[in-house]
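**Student:** Pasting a structure below so you can have a look.
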Amino acid sequence: MINVIISGGPGCGKGTQSDLISERFQLAHLSTGHLLRIEIANFSEIGREAQGYIAAGNLVPDEMILRLLAKTVDELPVSHGVIFDGYPRNVAQAEALDKLMEERGKQIDIFLDLQVPDEVMVERMMKRAQTSNRSDDTPETCRHRVQVYHEQTAPVKDYYVKKGICQTVDATGTIESIFREIEKIFSKMM
Ligand code: AMP
């Protein structure tokens, strides 16, 4: 069993690569952004609270995300590895995830950092906006999300570099070429 985090800026392709990884390596795909969008669609209490933060391109409060994450992890089959997509988004969330995993006798094995230049992130988000219907894919919000990424999420990488489990991937290529790079990293680990 292997537990993976996939990280990177908005539009870096982490959702797409997570789908491919989860299928190829039999991991449960846990996307906090997706979980939040389900909560919003269901008009749940979390969904109603989270909506404003997401539409503005800001991070949803840690405590709310952690509740959602713990509930979802506990619903997974015990033997199943997980790919965490979009979590942790700041260092406090990384620390909370360590605690959550430790309490369940688990650990994070790989931190995948998908790197793309800012202008590519914005370009990809704008392209996605044509079909996604996401409230946070407007030009202004996209630029703000890139800024939030640099200020709060990018520093998370150091946390995992120090643990010796960070793997950086150039994510500017095609979906297939990026996935081949990721497969190479996994085959070395397994
Ligand atoms: P994503 O689908 O990962 O791009 O996430 C979409 C939006 O959901 C983000 O811009 C945040 O507003 C919110 N979100 C997703 N994951 C988190 C997280 N781990 N912490 C805080 N907010 C999050």
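The values are calculated or read from the model by the stated rules, or taken from the named source; none is laboratory data. Quick caveat: nothing in here was measured; it's all calculated off a predicted structure. Virtual Cβ from ideal backbone geometry, glycine too; neighbours counted across all protein chains shown. All accessible areas refer to the heavy atoms of the entire protein, side chains included, with ligands and DNA or RNA removed. Shrake-Rupley method; radii C 1.70, N 1.55, O 1.52, S 1.80 Å.
**Student:** With the checklist (1) within 14 Å of the ligand (Cβ to nearest atom); (2) open to solvent by 10 Å² or more (accessible area, probe 1.4 Å); (3) of a type in the set (Ser, Thr, Tyr) in hand, flag the one item Thr131 doesn't pass.
**Tutor:** Of everything listed in (1) within 14 Å of the ligand (Cβ to nearest atom); (2) open to solvent by 10 Å² or more (accessible area, probe 1.4 Å); (3) of a type in the set (Ser, Thr, Tyr), Thr131 misses just condition (1).
**Student:** Residues in the range 20-44 that are free of Cβ contacts under 8 Å to residues at least 60 places away in the same chain, in contact with an Asp or Glu (Cβ under 9 Å, 6 or more places away or on another chain) and open to solvent by 30 Å² or more (accessible area, probe 1.4 Å): how many?
**Tutor:** Total satisfying the criteria: 3.
**Student:** Could you list, in sequence order, the residues of the range 64-73 that are surrounded by 15 or more Cβ atoms within 10 Å (Cβ to Cβ) and either within 7 Å of the ligand (Cβ to nearest atom) or farther than 17 Å from Met1 by Cα (or both)?
**Tutor:** Met64, Ile65, Leu66, Leu68, Leu69, Ala70, Thr72
**Student:** Let me ask something else about it. Could you count how many residues in the range 95-111 are away from the ligand (no atom under 13 Å from the Cβ), open to solvent by less than 60 Å² (accessible area, probe 1.4 Å) and in a helix (DSSP H, G or I)?
**Tutor:** Counting residues in the range 95-111 that are away from the ligand (no atom under 13 Å from the Cβ), open to solvent by less than 60 Å² (accessible area, probe 1.4 Å) and in a helix (DSSP H, G or I) gives 2.
**Student:** Residues being under 21 Å from Gly15 (Cα atoms) and of a type in the set (S, T, N, Q): count how many of those fall in the range 42-91.
**Tutor:** Within the range 42-91, residues that are under 21 Å from Gly15 (Cα atoms) and of a type in the set (S, T, N, Q) number 4.
**Student:** Just to verify a result, which residue in the range 112-133, among those that are in a loop (DSSP other than H, G, I, E, B) and touching a residue at least 40 places away in the same chain (Cβ under 8 Å), is nearest to Gly33 (Cα to Cα)?
**Tutor:** Val116
**Student:** May I pose another question? Would you point out which residue out of Leu30, Leu76 is within 11 Å of the ligand (Cβ to nearest atom) and among the hydrophobic types (A, V, I, L, M, F, W, C)?
**Tutor:** That would be Leu30, the only listed residue that is within 11 Å of the ligand (Cβ to nearest atom) and among the hydrophobic types (A, V, I, L, M, F, W, C).
**Student:** Next up: If Glu181 meets every condition in (1) surrounded by 16 or more Cβ atoms within 10 Å (Cβ to Cβ); (2) acidic (Asp, Glu); (3) in contact (Cβ under 8 Å) with a residue 24 or more places away in the chain apart from one, which number is that one?
**Tutor:** Unmet for Glu181, out of (1) surrounded by 16 or more Cβ atoms within 10 Å (Cβ to Cβ); (2) acidic (Asp, Glu); (3) in contact (Cβ under 8 Å) with a residue 24 or more places away in the chain: (3).
**Student:** Tally up the residues in the range 82-94 that are open to solvent by 10 Å² or more (accessible area, probe 1.4 Å) and either hydrophobic (A, V, I, L, M, F, W, C) or more than 13 Å from the ligand (Cβ to nearest atom) (or both), please.
**Tutor:** Residues meeting the conditions: 2.
**Student:** Restricting attention to the range 45-63, does a residue exist that is open to solvent by less than 20 Å² (accessible area, probe 1.4 Å) and more than 9 Å from the ligand (Cβ to nearest atom)?
**Tutor:** Yes.
**Student:** Okay, moving on. Can you find even one residue in the range 2-11 that is surrounded by 14 or more Cβ atoms within 10 Å (Cβ to Cβ), of a type in the set (A, V, I, L, M, F, W, C), away from the ligand (no atom under 13 Å from the Cβ) and at pLDDT below 95?
**Tutor:** There is at least one residue in the range 2-11 that is surrounded by 14 or more Cβ atoms within 10 Å (Cβ to Cβ), of a type in the set (A, V, I, L, M, F, W, C), away from the ligand (no atom under 13 Å from the Cβ) and at pLDDT below 95.
**Student:** Just to be sure I understand the filter: pairs with C-beta atoms under 7 Å, separated by 6 or more residues or on different chains, first member in the range 53-65 and within 14 Å of Ala96 (Cβ to Cβ), second member outside any helix (DSSP H, G or I) and within 6 Å of the ligand (Cβ to nearest atom). Which pairs pass?
**Tutor:** From the range 53-65, the pairs are Leu59/Arg89; Ile65/Tyr87.
**Student:** OK, next. Considering each residue of the range 134-173, count those that are more than 13 Å from the ligand (Cβ to nearest atom), open to solvent by less than 70 Å² (accessible area, probe 1.4 Å) and assigned to a helix (DSSP H, G or I), and give that number.
**Tutor:** Qualifying residue count for the region: 4.
**Student:** Against the definition (of a type in the set (S, T, N, Q), near the ligand (Cβ under 10 Å from one of its atoms) and in contact with a Phe, Trp or Tyr (Cβ under 7 Å, 6 or more places away or on another chain)), how does Gln17 come out, yes or no?
**Tutor:** Considered against the rule, which asks whether it is of a type in the set (S, T, N, Q), near the ligand (Cβ under 10 Å from one of its atoms) and in contact with a Phe, Trp or Tyr (Cβ under 7 Å, 6 or more places away or on another chain), Gln17 comes out as no.
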